[in-house]
Structures are given as C-alpha cells and as structure tokens.
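Read the structure below first, then the notes.
The values are calculated or read from the model by the stated rules, or taken from the named source; none is laboratory data. All values derive from a computational prediction rather than experimental measurement. When we count neighbours, we look across all protein chains shown, and the Cβ atoms used for this are built from the backbone with ideal geometry, even at glycine. Remember, those area values only see protein heavy atoms, side chains included, never the ligands or the DNA or RNA. Shrake-Rupley method; radii C 1.70, N 1.55, O 1.52, S 1.80 Å.
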Amino acid sequence: MDQASEDQVRRALAAVEEPELRRAVGELGMLRQVEVHRRRVEVVVAVPQARWPGLEELAARLEAALATVPGAPRPSLRFEAMD
C-alpha cells in the first residue's frame, strides 16, 4: 500500500470538529504543522490555551480522522497554546 500524502492527511485533519468550539480545526486555523514520515505523522495543533478543555476528545477525533486515510502511519500529536 502506498503511503498517504501530506495533502491527504491535512484534508482529513482539517475537517475534524473541535469539540469545545464546534467548528472545523482547519476553519479555525488550528492545524499548524503536518509532516508525513515513513512510520509516523507528526502533527502540531494550536489550542487557545494550554489547559484546553476537550483536549483529549480533540486528540481522539484527530486520531480517528487519520485512521480513515489509506496508508497513513501512526500519529504523533503535539498541542501548543496559541500565541
């Protein structure tokens, strides 16, 4: 199976609804970095504050979205507070 492209991964993740704000991560500009490597996808997501409620739910939704992308390796999610 071919490896997923960065564009495929970005599209899947950008469509994920943020549970607290109820809008898509892409629409909110929260998806900061996506790098597809052979065995993992590194994703950086910006959240409004370090102790963001719903962070675990957001991570679960992002992982579930990534699982729908054919050939996507396992994710490495990192959350950063918006500046």
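Quick look at the numbers
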{"read-out": "Answer residue from the range 1-26, given it is among the aliphatic types (A, V, I, L, M), out of contact with any strand residue (DSSP E or B) (no Cβ under 8 Å at 6 or more places or on another chain) and outside any helix (DSSP H, G or I) and is nearest to L58 (Cα to Cα) among those", "value": "L21"}
{"read-out": "Selection within the range 64-75 - open to solvent by less than 70 Å² (accessible area, probe 1.4 Å) and either modelled with pLDDT of 95 or more or within 13 Å of L13 (Cβ to Cβ) (or both)", "value": "A64, A65, L66, V69, A72, P75"}
{"read-out": "Subset of the range 38-70 that is aliphatic (A, V, I, L, M) and over 18 Å from S5 (Cα atoms) - its residue that is farthest from the chain's Cα centre (by Cα)", "value": "A50"}
{"read-out": "Filtered residues of the range 11-44 (kept if touching a helix residue (DSSP H, G or I) at 6+ places or on another chain (Cβ under 8 Å), open to solvent by 50 Å² or more (accessible area, probe 1.4 Å) and under 14 Å from L77 (Cβ atoms))", "value": "E35"}
{"read-out": "Close pairs (6 angstrom Cβ cut-off, 6 or more residues apart or separate chains): free of Cβ contacts under 8 Å to residues at least 24 places away in the same chain in the range 16-28, aliphatic (A, V, I, L, M) anywhere", "value": "A24/A15; G26/A14"}
{"read-out": "Filter result for the condition that a residue is free of Cβ contacts under 8 Å to residues at least 12 places away in the same chain and farther than 14 Å from L21 by Cβ, over A50, A60", "value": "A60"}
